[in-house]
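The values are calculated or read from the model by the stated rules, or taken from the named source; none is laboratory data. Please read all numbers here as calculations on a predicted model, not as lab measurements. In this analysis, Cβ positions are derived from the backbone assuming ideal geometry, glycine residues included, and neighbour counts consider all displayed protein chains.
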Amino acid sequence: MPRSSADMAQATPELVFVPAGHALPDWTDRDALARFLHEHLEPFGDAPRDIRRGLDDALEDRPSPGGFVLLARMEARLAGVLVMLRTGMSGYVSENLLLFVAVDRALRGRGVGAALVRAAVERCDGDVKLHVEYDNPARRLYERLGFSSKYAEMRFVRGVRS
């Protein structure tokens with residue numbers, strides 16, 4: 001008998017680690033992960049093509065620093081995705097950038113995001129940074145996990161004037 005959403009939400013997610021240069025499990029692909037991230041990051045997400053580029057940067061086996069993807073599954077269903085990039089720097093810039101983390105809306109508040117972030121940080125050498133909008137509720141999760149706000153990010157976007 002299938003378990004209810006409430007039962008699934010109480011379960012511990014299975015975490016699947018996919019480092020650069022390795023194939024994703026046969027039950028997903030980069031396009032499916034980009035769609036999941038785009039849907040479940042809203043309203044704080046990026047354009048699908050930018051999400052896909054981030055996945056490619058984390059997973060491709062090439063001279064870049066690379067990274068990894070962590071997938072959370074519950075009851076054979078994708079519950080969450082985390083994308084970590086290695087920056088190739090240290091000291092003045094953190095060695096790792098937590099690029100994306102998203103949890104299925106139906107499973108939020110059940111520890112899936114915390115499990116993904118904890119597992120990712122454990123797999124990283126060096127410091128980890130992330131960008132989060134001030135009004136994003138996930139900011140509280142990151143603070144509980146030990147992240148602190150050190151800088152305000154500012155960007156110069158070509159072709160855009162205030």
>> Exactly one condition in (1) within 17 Å of the chain's Cα centre (by Cα); (2) polar (S, T, N, Q); (3) over 26 Å from A32 (Cα atoms) is false for T87; which is it?
In response: (3)
>> Being surrounded by 18 or more Cβ atoms within 10 Å (Cβ to Cβ) and in contact (Cβ under 8 Å) with a residue 40 or more places away in the chain is the filter here; which residues of segment 43-56 pass it?
In response: I51, G54
>> Could you tell me how many of the residues in segment 99-112 are within 13 Å of L37 (Cβ to Cβ) and of a type in the set (A, V, I, L, M, F, W, C)?
In response: 5
>> If L107 satisfies all but one of (1) over 16 Å from F68 (Cα atoms); (2) surrounded by fewer than 18 Cβ atoms within 10 Å (Cβ to Cβ); (3) in contact with a strand residue (DSSP E or B) (Cβ under 7 Å, 6 or more places away or on another chain), what's the number of the condition it fails?
In response: (2)
> Does L70 count as crowded, with 20+ Cβ neighbours inside 10 Å and either without any contact (Cβ under 8 Å) to a residue 40 or more places away in the chain or farther than 30 Å from D26 by Cβ (or both)?
Replying inline: no
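Sort out which residues of segment 146-162 are surrounded by 10 or more Cβ atoms within 10 Å (Cβ to Cβ) and of a type in the set (G, A, S), and write them in order of number.
Those that are surrounded by 10 or more Cβ atoms within 10 Å (Cβ to Cβ) and of a type in the set (G, A, S): G146, S149.
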>> Testing K150 on (1) among the basic types (K, R); (2) under 24 Å from P65 (Cβ atoms); (3) under 16 Å from the mean Cα position of the chain (by Cα), one condition comes back false. Which one is that?
In response: (3)
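Here is a yes/no grid of residues against (1) closer than 27 Å to A76 by Cα; (2) not charged (D, E, K, R):
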site	(1), (2)
E95	no, no
L98	yes, yes
D104	yes, no
V121	yes, yes
G126	no, yes
Y134	no, yes
R140	no, no
>> Just to be sure before I move on: is L15 more than 25 Å from E153 (Cβ to Cβ), not in a loop (DSSP other than H, G, I, E, B) and not hydroxyl-bearing (S, T, Y) in the structure I sent?
In response: yes
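Test A138 against the criterion of being modelled with pLDDT of 95 or more, surrounded by fewer than 19 Cβ atoms within 10 Å (Cβ to Cβ) and out of contact with any Asp or Glu (no Cβ under 7 Å at 6 or more places or on another chain), and give yes or no.
On the way: modelled with pLDDT of 95 or more: no; surrounded by fewer than 19 Cβ atoms within 10 Å (Cβ to Cβ): yes; out of contact with any Asp or Glu (no Cβ under 7 Å at 6 or more places or on another chain): yes.
In short, no.
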> Name the residues in segment 57-67 that are over 27 Å from P137 (Cα atoms) and either in contact with an Asp or Glu (Cβ under 8 Å, 6 or more places away or on another chain) or in contact (Cβ under 8 Å) with a residue 60 or more places away in the chain (or both), would you?
Replying inline: S64, G66
